[in-house]
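The values are calculated or read from the model by the stated rules, or taken from the named source; none is laboratory data. Predicted, not measured: the structure shown is a model, and the values here were computed from it. For neighbour counting, all protein chains shown are included, and Cβ atoms are generated from backbone atoms with ideal geometry for every residue, glycine included.
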Amino acid sequence: MKTYLKKFLIFLTLGILFLLIFSISPDKSFEELAPKYAASPSSFIEVKGIKIHYRDQGQGYPIVLIHGTGASLHTWDAWTEELIKTYRVIRLDLPAYGLTGKDQQKRYSSLDYVNFLDAFLDKLGIEKFHLGGNSLGGLVSWLYASYHDQKVNKLLLLNPSGFPFDSTPMVIKLAKTPILNIFIRYITPKSFVRKNLKEVYYNDDLISNETIDRYYDLTLFEGNREAFIDRSFIERENYTDRLSLIQSPALVLWGENDEWIPVEDSKKFKAHLNNIKIVIMPKTGHIPMEERPKESVAIALDFLSN
């Protein structure tokens, strides 16, 4: 009986190993992804030893846009089409994301991103600008303004993070769990990406196959999954006491149906920021600029023009 049990366990183990091997999602190289995601008007510039992927379009007063966790500069595509009619729009892939990819030194803290952003803008010679961000990008934006308020004219904060909250997105929980995070590193089915997008959209019917493909491809860019796991272990410090240092007028635009960061946090920003306008968008999730780009950019443009 014991012999049969041993054989069964051996065959079961081998079966699981074969299943895992055939389920592995290999990394995608820069050469593979660049034709689709780094075509003109994309550019690259070295900042603090990292080759940053960015786009600089339009003419006029500069607007700098920062994406959120798991995203890339492409999250602002629809907004950019409208904004470049009046403004110069600059967006970049933060280290650990998009085609910028991982940082060998693992500089992924909020303050690291603030320092990267300042060095990036300094290289481009941009001294005064509007600054906008979504989720993690919102945190980077307002934290940057708390240190460099004289450079930021107006702030656009879309579902910004920053205040501690109890719930954590499942993908981040998995990334922080030993052994299970191996699956995130090596096994990333497209269905997993689709599930995450359904969490950040309110209306799942608006998630196109093109959007799924983009998030999937850039997640698999070599080093990004490793960087995502590394980022999950970065200690999240609470910098919200710095919000009161910001004098720049701020628009806080929030999707009412955000499953990742509660819309109630908008009231916390109202309590801490000196000059704030809050707009809550109904039937909208965590990324208004993707899910409802026309409505959200119109709100942003109205705020900027006034």
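Summary table below
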item: Qualifying residue in region 150-159 (condition: within 22 Å of LEU245 (Cα to Cα), out of contact with any strand residue (DSSP E or B) (no Cβ under 9 Å at 6 or more places or on another chain), crowded, with 21+ Cβ neighbours inside 10 Å and not β-branched (Val, Ile, Thr)); result: no
item: Region 79-101 - residue that is assigned to a strand (DSSP E or B) and of a type in the set (A, V, I, L, M, F, W, C) and, of those, nearest to the chain's Cα centre (by Cα); result: LEU92
item: Selected residue [of a type in the set (Lys, Arg), part of a loop (DSSP other than H, G, I, E, B) and under 19 Å from PRO169 (Cα atoms)] from ARG236, ARG225; result: ARG236
item: Residue in region 98-108 that is within 21 Å of GLU295 (Cα to Cα) and surrounded by fewer than 24 Cβ atoms within 10 Å (Cβ to Cβ) present; result: no
item: Residue under evaluation ASN274, criteria (1) modelled with pLDDT under 95; (2) surrounded by 18 or more Cβ atoms within 10 Å (Cβ to Cβ), criterion not met; result: (2)
item: ARG242 at pLDDT 95 or above, under 18 Å from the mean Cα position of the chain (by Cα) and closer than 26 Å to THR100 by Cβ; result: no
item: Meets criteria (among the aromatic types (Phe, Trp, Tyr), closer than 24 Å to PRO164 by Cβ and over 19 Å from the mean Cα position of the chain (by Cα)) for PHE269; result: yes
item: Residues (part of a loop (DSSP other than H, G, I, E, B), over 30 Å from ASN209 (Cβ atoms) and among the basic types (Lys, Arg)) located in region 239-292; result: none
item: Residue within region 168-181 that is within 17 Å of the chain's Cα centre (by Cα), touching a residue at least 60 places away in the same chain (Cβ under 8 Å) and part of a helix (DSSP H, G or I) present; result: yes
item: Tally, over region 81-102, of residues that are among the polar types (S, T, N, Q) and within 30 Å of ILE229 (Cα to Cα); result: 1
item: Where a residue in region 193-211 is modelled with pLDDT of 95 or more and outside any helix (DSSP H, G or I) and its partner, wherever it lies, is surrounded by 13 or more Cβ atoms within 10 Å (Cβ to Cβ) and of a type in the set (Asp, Glu), with Cβ under 6 Å and at least six apart; result: TYR201/GLU291
item: Residue count for region 88-110, restricted to those that are touching a residue at least 60 places away in the same chain (Cβ under 8 Å) and either at negative phi or among the β-branched types (Val, Ile, Thr) (or both); result: 8
